[in-house]
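The next block holds one structure in the form of structure tokens; read it before the comments.
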Amino acid sequence: MILYVNCCVRSDSRTDRIARAVLSKMDEYTELFLSAEDIRPLDEKLLAKRDELLSAGHFDDPMLRFAVQFAEADKIVIAAPFWDGSFPSLLKVYIENIYAVGIVTRYGADGIPQGLCRADELVYVTTAGGKYIPDFSYGYIKALAENCFGIGKTRLVKAEMLDIVGSAPEQLVAEAVASL
Ligand SMILES: Cc1cc2nc3c(=O)[nH]c(=O)nc-3n(C[C@H](O)[C@H](O)[C@H](O)COP(=O)(O)O)c2cc1C
């Protein structure tokens, strides 16, 4: 199963358009449109519930559905615009919800995470109004995927400078699609 994690907020999202071009070169996919999901930041009550489920091995509980779905995907495409040097906070909340020890990762005796995800590739798609700086968006996702989730390959697909006066955003998006 190919999982499309859609964290694009605007209805005419350019990031989403590029992501769908990436997906068109793959197989059928399951879309998770984050804005439409009931995904909440973990508070004390939710944390306690999750700890209980994980220690009892109740991985089929609805609360863990996003983590199980992520762990079982064969390929993952994440689309998120470049916001405030990073990505929309909704994506961080999603990561908080999928990062379940025992499902997407586990700790070795040395304290180093060992990935449990099936996916062999994660593609991160983004667009930026100005120059794209990957440190706190793609850089973070790549580090998690490779060091914690066991996903061997990550790839960045981007279009940048879309909102700069004098730029031709449609052409830049078309170039990103043509480069796939
Ligand atoms: C809340 C918000 C924060 C943004 N922050 C940045 C930023 O830090 N750097 C930048 O280059 N562009 C920034 N932008 C511009 C977006 O990255 C750009 O318009 C992007 O193409 C939006 O993607 P979309 O068309 O998929 O919605 C921001 C836009 C919004 C709405």
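Scanning region 150-180 for residues that are modelled with pLDDT of 95 or more, of a type in the set (Gly, Ala, Ser) and farther than 18 Å from Pro81 by Cβ returns Gly150, Gly166, Ala168, Ala178, Ser179. The residues of region 114-153 that are in a strand (DSSP E or B) and either among the acidic types (Asp, Glu) or open to solvent by 20 Å² or more (accessible area, probe 1.4 Å) (or both), listed by number, are Gln114, Gly115, Glu121, Lys153. Restricted to region 1-85, the set of helices (runs of 4 or more DSSP H) holding at least 2 residues that are over 19 Å from Val177 (Cα atoms) comprises 44-56, 65-72.
For region 150-180: of the residues being aliphatic (A, V, I, L, M) and closer than 30 Å to Gly115 by Cβ, which is nearest to the ligand (Cβ to nearest atom)?
Step one: list which residues in region 150-180 are aliphatic (A, V, I, L, M), which gives 151, 156-157, 159, 161-162, 164-165, 168, 172-174, 176-178, 180.
Narrowing the set further to residues that are closer than 30 Å to Gly115 by Cβ leaves 151, 156-157, 159, 176, 180.
Values: Ile151: 23, Leu156: 15, Val157: 13, Ala159: 7, Ala176: 11, Leu180: 17 Å.
So the residue we want is Ala159.
Of all residues in region 86-113, those satisfying the criterion of being within 16 Å of the ligand (Cβ to nearest atom) and assigned to a loop (DSSP other than H, G, I, E, B) are Phe87, Pro88. Just the residues that are more than 21 Å from Phe66 (Cα to Cα), within 13 Å of the ligand (Cβ to nearest atom) and among the polar types (S, T, N, Q), please, taken from region 1-35. Within region 1-35, Ser11, Ser13, Thr15 qualify.
The values are calculated or read from the model by the stated rules, or taken from the named source; none is laboratory data. All values derive from a computational prediction rather than experimental measurement. So basically every Cβ, Gly included, is an ideal-geometry build from the backbone, and we count neighbours across all protein chains shown. Calculation scope for accessible area: heavy atoms of the full protein, side chains included, ligands and nucleic acids excluded. Shrake-Rupley method; radii C 1.70, N 1.55, O 1.52, S 1.80 Å.
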